[in-house]
Amino acid sequence: MVSVDATALGSTLPQVVKPARYTGGEWNSVVKDWERTPIKFALAYPDVYEVGMSNLALMILYDILNQQEDALAERVYTPWVDMEQAMRASGIPLYSLESRHPLHEFDIVGFTLPYELNCTNVLTMLDLGGIPLLASERNDAHPLIIGGGSGTYNPEPLVDFFDLFVVGEGEEVILELLQLYRDCGENRNRYLLRAAETDGAYVPSLYEVTYSDDGTVREVSPTHESAKPSITKRIVDSLPPPPTKVVVPFVQAVHDRATIEIQRGCTQGCRFCQAGMIYRPLRQRPQEEILAAADKLLAATGYEELALVSLSSCNYTGIEGLVEQLLARHGPTYTSISLPSLRMDSFSLRLAEMFHGRRKTGLTFAPEAGSERLRRVINKNLNHDDILSTAESAYNSGWHRIKLYFMIGLPTETMEDVEAIAALVNELRAVGRRARGKKAELNVSVATLIPKPHTPFQWIPLEDRASLDEKHHVLRNQIRGRGLKLSWNDPQTSLLEAALSRGDRRLGKVILHAWQAGARFDAWSEALDTQRWWQAFSAQGLDPAFYARRERPLDEVLPWDHISAGVSKEYLVAELRRSLAEEATLDCREGSCRTCGILETFHRDPEAMQQGRWGCVGVQQSAQ
Ligand code: SF4
């Protein structure tokens, strides 16, 4: 077992952009004795170093695995295109940053799958790492390839390349899979059969998919007794201690800051939001634990910013008090505190005021839809006056730039709704002008709804190209002027993303074809070539519109139906019907349980839920 030759690397790195992406040796990186550590685990992120280094899930697993005496965990990221070419030219295999061992020398390679358009990077990493791309071509001599993260809620397009998927939260199951490896890791088949019995684990090779004449999935059925008919996501009852000795990157990461997850899950119930469904139930981290972890984390890293992350940090119970205490403890060292997501209401503004202090740059809000009617349809319960008054207070309090997120292609959307986006933006612009004159800025980002699996919108089609183009045209015409910036999604990119996120196993051959044709870094607009992808679909006799732009009957078997996020199909259907009836559903924390299915799926006693600070607790009591 030899690590990559330093001389070869030494002559290659000066030729590529940001060579520090490939050196390793960062502060807090864990380098164990390779020869003396029995189990070698590579944690792989299918994008460049500076994107992967901001991924919290990978940091958590890195910390958990390296606490194991007999295991080591090392990081691997996708080399940028120049480095891939240089590595292929000089025969350098993809290697881990800690010990520079080639990927094929690890026992297990665990990929975090954050986004569908990262799929070809997985193939680049396997190929450069000397590992056969197809699971069917691997044997006991090859590492086990495991996939985790939000991409596993419809893993079907990727099953050809993975031996095993972990659906849901990895903190506990990764140790179970490690124990299994201690027991029978040398024998791949035995390992996979045992893994298939583990809750949350999905071994796709133990299932068969049959299709109906109309091309839809007829059934996904187990072909072995170890395979469960349905795979339910794993959750942790309470959030494990956060990592505090995290690796500090050499290259500025996308999020170059210390990060603590203060809660997991969200129950606001926005109907387009996959994260809001798949990360339920809501679980909060105790304040004292956050304060103690912040002390350790900032001391161990030297970061000047601490981000309190979650899907909706403003909803954390006692968030104001927590921010006050953190500012009191770390303000004197000029450490700033940030919350990535703010609601558009006065409370959030007061909060922003606390941690922005004098340095007021930009605020980000997500009204998502321009009209109140359409906000009810998507269950984003924000009223018009709140949006205007929040922006006015923000500008009057010293902010000069506001970023706004909107979405088009929503169910029941009319051109009036699209024009309502422009009208709202122009109203906000006037508010800004009154408060800050020409200094006021508005950055407007208009995304296209990708109807994702495990959401109430999973049955509706992606909007067609002509209609999207028309709406983009209206927005470009009506949102322009000094201090206004408008960006939107390219409809071709949306078509590819929707097809990959709603696809079935047959897309594996499309992904392989596109990769062989040169597809890399498809999540980067400057690298994505959708023509290459359409050729790959056509070469496989498949049509992306079949997956992306076809309305699906409620009784159709969906490619991901055998994967459960714990939220019931009945609840998703009910929410779809409520959206079409323009009915809002209140956050269950503000009222009573909406029976989304979480409590039925995860039968936990009240004490465990209390200890885990589940959002369901309070609600459950009120329901009785
Ligand atoms: S089970 Fe009830 S209380 Fe818990 S997240 Fe679902 S709707 Fe909310």
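The values are calculated or read from the model by the stated rules, or taken from the named source; none is laboratory data. The model shown is predicted, which means the values in this text are computed figures rather than measured ones. For neighbour counting, all protein chains shown are included, and Cβ atoms are generated from backbone atoms with ideal geometry for every residue, glycine included. Heavy atoms of the whole protein, side chains included, go into the accessibility calculation; ligands, DNA and RNA do not. Shrake-Rupley method; radii C 1.70, N 1.55, O 1.52, S 1.80 Å.
Tally Lys/Arg at +1 and Asp/Glu at -1 over every other residue whose Cβ is under 13 Å from the Cβ of Leu94; what's the total?
Working: positive: Arg21, Arg75, Arg88, Arg100; negative: Glu74, Glu84, Glu105, Asp127.
Charge balance in the 13 Å sphere: 0.
Ranked from highest to lowest mean number of other Cβ atoms within 10 Å per residue, what is the order of the peptides 385-398, 148-161, 365-378? Show your work: numbers first, answer last.
Numbers: 385-398: 18.5, 148-161: 23.6, 365-378: 21.8.
Highest-to-lowest ranking by the protection proxy: 148-161, 365-378, 385-398.
Quick one: net charge around Asp555, please, counting Lys, Arg +1 and Asp, Glu -1 for every other residue with C-beta under 14 Å from its C-beta.
Numbers: positive: Arg218, Arg552, Lys569; negative: Asp214, Glu219, Glu551, Glu556, Asp561, Glu570.
Around Asp555, the charge tally is -3.
Ordering Leu500, Leu134 by how much accessible area each has at a 1.4 Å probe, largest first, what is the list?
Per-residue accessible area, sorted high to low, gives Leu134, Leu500.
Can you give me the long-range amide H partners of Arg549? Hydrogens built in the peptide plane at 1.01 Å from N, cutoff under 5 Å, separation of 5 or more residues or another chain.
HN-HN under 5 Å from Arg549: Leu462.
Considering only the other residues whose Cβ falls under 11 Å of the Cβ of Glu304, what net charge follows from Lys and Arg at +1 and Asp and Glu at -1?
-1
From the phi of every residue in region 91-107, what ³J(HN,Hα) in whole Hz does the Karplus formula 6.51 cos²θ - 1.76 cosθ + 1.60 yield, where θ is phi - 60° and glycine or proline is x?
x, 8, x, 5, 10, 7, 6, 6, 10, 6, 8, x, 4, 5, 8, 7, 7
Return the percentage of antiparallel bridges among DSSP beta bridges fully within the chain, rounded to the nearest 5 %. The partial results should precede the final answer.
Details: 13 of 59 bridges.
Of the beta bridges lying entirely in the chain, close to 20 percent run antiparallel.
Apply the Debye scattering formula to the chain, with a single equal point scatterer on each alpha-carbon and no solvent, then give log10 I(q)/I(0) at q = 0.07, 0.10 Å⁻¹.
-0.44, -0.97
Name every cysteine in the chain that ends up alone, with no second cysteine's Cβ under 4.7 Å, or say none.
Cys119, Cys184, Cys266, Cys314, Cys588, Cys593, Cys596, Cys616
Would you mind checking which residues have amide H under 5 Å from Trp27's amide H? H placed 1.01 Å from N; only 5 or more apart, or other chain.
Residues meeting the amide H criterion: Val248.
Could you tell me the convex hull volume per residue, in Å³, taken over the Cα atoms of region 460-596?
Here the figure is 184 Å³ per residue.
Just report the Cα centroid separation between region 2-57 and region 59-115, whole Å.
Centre-to-centre distance over Cα atoms comes out at 6 Å.
Below 16 Å, Cα to Cα, which aspartates and glutamates can Lys438 reach? Residues fewer than 8 away in the same chain don't count.
Glu392, Glu427
Using a 1.4 Å probe over the heavy atoms of the protein chains, calculate the carbon and sulfur portion of the accessible area of region 130-185 as a whole percent.
The nonpolar share, carbon plus sulfur, comes to 51 percent.
Figure the gain on full extension for Phe546 and Thr595 (residue separation times 0.36 nm, minus the Cα-Cα span) and round it to one decimal in nm.
Here the answer is 14.4 nm.
Using all C-alpha to C-alpha distances in region 6-232, build P(r) with 5 Å bins and read off the rounded percent in each one.
So the P(r) values, bin by bin, are 1, 7, 15, 19, 20, 16, 10, 6, 3, 2, 1, 0.
With a 1.4 Å probe and every protein chain left in place, work out the accessible area per residue of the chain in Å², rounded to a whole number.
39 Å²
Quick one: Karplus J couplings for region 51-67, per residue in order, coefficients 6.51, -1.76, 1.60, θ = phi - 60°, nearest Hz, x for Gly and Pro?
Working through the residues one at a time gives 7, x, 5, 9, 7, 5, 4, 5, 4, 5, 5, 4, 5, 5, 5, 6, 7 Hz.
For region 66-165, what class follows from the C-alpha gyration tensor (a ≥ b ≥ c being the square roots of its eigenvalues): rounded when a/c is under 1.5, otherwise prolate if a/b is larger than b/c, else oblate?
Rounded is the answer for region 66-165, as its axis ratio a/c remains below 1.5.
Quick query: amide H of Ala307 versus all other amide H atoms, modeled in the peptide plane; which residues come in under 5 Å with a sequence gap of 5 or more or a different chain?
Hits under the 5 Å cutoff: Ala258, Thr259, Ile260, Ser338.
Take the cross-link list Lys403/Lys569; Lys40/Lys233; Lys40/Lys245; Lys452/Lys509 and give me the ones stretching past 31 Å between alpha-carbons.
Lys403/Lys569
Any chance you could look up the accessible area of Asp5 with a 1.4 Å probe, heavy atoms only, rounded to 10 Å²?
Result for Asp5: roughly 80 Å² accessible.
Whole Å is fine, so just give me how far the alpha carbon centre of region 239-307 lies from that of region 522-567.
Using only Cα atoms, the two centres lie 31 Å from each other.
Please turn the phi angles of region 442-453 into ³J(HN,Hα) values with the Karplus equation 6.51 cos²θ - 1.76 cosθ + 1.60 (θ = phi - 60°), one per residue in order, whole Hz, x for glycine and proline.
For region 442-453, the Karplus curve yields 9, 9, 10, 10, 10, 8, 9, 4, 9, x, 8, x Hz.
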